[in-house]
Amino acid sequence: MPISVGIEVLRKASKENYAVGAFNFNNMETLQAIIEAASELNAPVIVEASEGALKYAGARMLYNMVQALANQTTVPVVLHLDHGKDFRLIMYALRAGFTSVMIDASSFPFEENVRQTKRIVDIAHAMGVSVEAELGTLKGIEDTVSVEERDATLVDPKKAVAFVEATGIDYLAPAVGTSHGAFKYKGESKIDYDRIKKVKELTKIPLVLHGASGVPPSIVERAERFGARLQGAKGVNDDVLREAVNCGINKVNMDTDLRIATVGAIREILATHPEEIDPRKILGPARAAMKEVVKHRINLLGSAGKALL
Ligand code: G3H
Ligand code: 13P
Ligand code: ZN
């Protein structure tokens, strides 16, 4: 089917209390892994490209790959721009055919975040494209010791309502205690569930969880066994993610897990088959490893079997 529009997929997820996996990609193998996994589970899926991905591969190239694979499957596939910070790059993604964009002006003061976000909403909505924006700072909550510090870092639910009303965004990424990358927590994974519930109750729109990779020990150990240095890596474990979805999360962003799965598989092949020079024999196992990771996460989110919009 044609590439789907973001809000059409996420409106249903919000109404029926499940989440759609949003996986970052930069190349063909990663995209195939994501779409094959979603197709086998009959799940809607979001494939997302960062500004770095657009610079690496080109927006039109990414769009064409997604269009080719979306046309071969019956599950809805959304093409989303992740963390758009540069106005021109967001326009570049819109021109290329992305069906969802994120404007990330969360590092600016509230009023400036509203101004920049509203400008993108006006343009994207005129093109039939959905918009995500972010409020608060992505940071592990165990780092923020006091209540005051936590309030200063994480999303303020009252501000979230004002933000949604002032900008007209389709979905919101509230900072609730996760962070990007492989080293999210020193201790156990934590998320401020009450804050998610409050934001959901007040805004009533789909919510997005960034920094949601699980960093599962199985893929970390494989990568480490073959030389990767990932000591202390920790992510959002399965139980914590499931509870975040129960509280109102509908889009779950993951990149790091696919990266670790990729390097683990590639390192193993290179170490155990030093004579191998065929890239397909090296990238093929990486694709298979990513597909397993994606399937595991989709099964947790409750979106398997939800392909019919
Ligand atoms: O949130 C960031 C994503 O993991 C994308 O990372 O900017 O290195 O492509 P990147
Ligand atoms: P992870 O680093 O946890 O995979 O998060 C990715 C993300 O939030 C992309 O926007
Ligand atoms: Zn993110």
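Just so it is clear, none of the values below were taken in a lab; they were calculated from the coordinates. Predicted model only: the values in this text are computed from it and were never measured. Positions of Cβ are generated from backbone atoms using ideal geometry, with glycine treated the same way; all protein chains shown enter the neighbour counts.
Could you pull out the residue among V101, V45, V20 that is farther than 26 Å from I260 by Cβ, within 16 Å of ligand 2 (Cβ to nearest atom) and in contact with a helix residue (DSSP H, G or I) (Cβ under 6 Å, 6 or more places away or on another chain)? Give the derivation first.
Working: V45 fails: farther than 26 Å from I260 by Cβ; V20 fails: farther than 26 Å from I260 by Cβ.
Exactly one residue qualifies, and that residue is V101.
If only residues of segment 206-226 that are touching a helix residue (DSSP H, G or I) at 6+ places or on another chain (Cβ under 6 Å), more than 14 Å from Y185 (Cβ to Cβ) and assigned to a loop (DSSP other than H, G, I, E, B) are counted, the one that is nearest to ligand 3 (Cβ to nearest atom) is P206.
Here is the figure for segment 261-285: residues that are part of a helix (DSSP H, G or I) and either away from ligand 2 (no atom under 16 Å from the Cβ) or of a type in the set (V, I, T) (or both) total 17. For segment 221-260, the tally of residues that are closer than 23 Å to A286 by Cβ, within 13 Å of ligand 2 (Cβ to nearest atom) and touching a Gly at 6+ places or on another chain (Cβ under 8 Å) stands at 7.
Would you check which residues across segment 1-23 are outside any helix (DSSP H, G or I) and crowded, with 23+ Cβ neighbours inside 10 Å and list them?
Answer for segment 1-23, where residues must be outside any helix (DSSP H, G or I) and crowded, with 23+ Cβ neighbours inside 10 Å: A19, V20, G21, A22, F23.
For segment 227-248, filtered to residues that are of a type outside the set (G, A, S) and not in a helix (DSSP H, G or I), the residue that is nearest to G177 (Cα to Cα) is V236. Going residue by residue through segment 108-123, is there one that turns out to be surrounded by fewer than 20 Cβ atoms within 10 Å (Cβ to Cβ), among the aliphatic types (A, V, I, L, M) and not in a helix (DSSP H, G or I)? There is no residue in segment 108-123 that is surrounded by fewer than 20 Cβ atoms within 10 Å (Cβ to Cβ), among the aliphatic types (A, V, I, L, M) and not in a helix (DSSP H, G or I). The residues of segment 227-240 that are within 16 Å of ligand 3 (Cβ to nearest atom) and either of a type in the set (A, V, I, L, M) or surrounded by fewer than 18 Cβ atoms within 10 Å (Cβ to Cβ) (or both) amount to a single one, V236.
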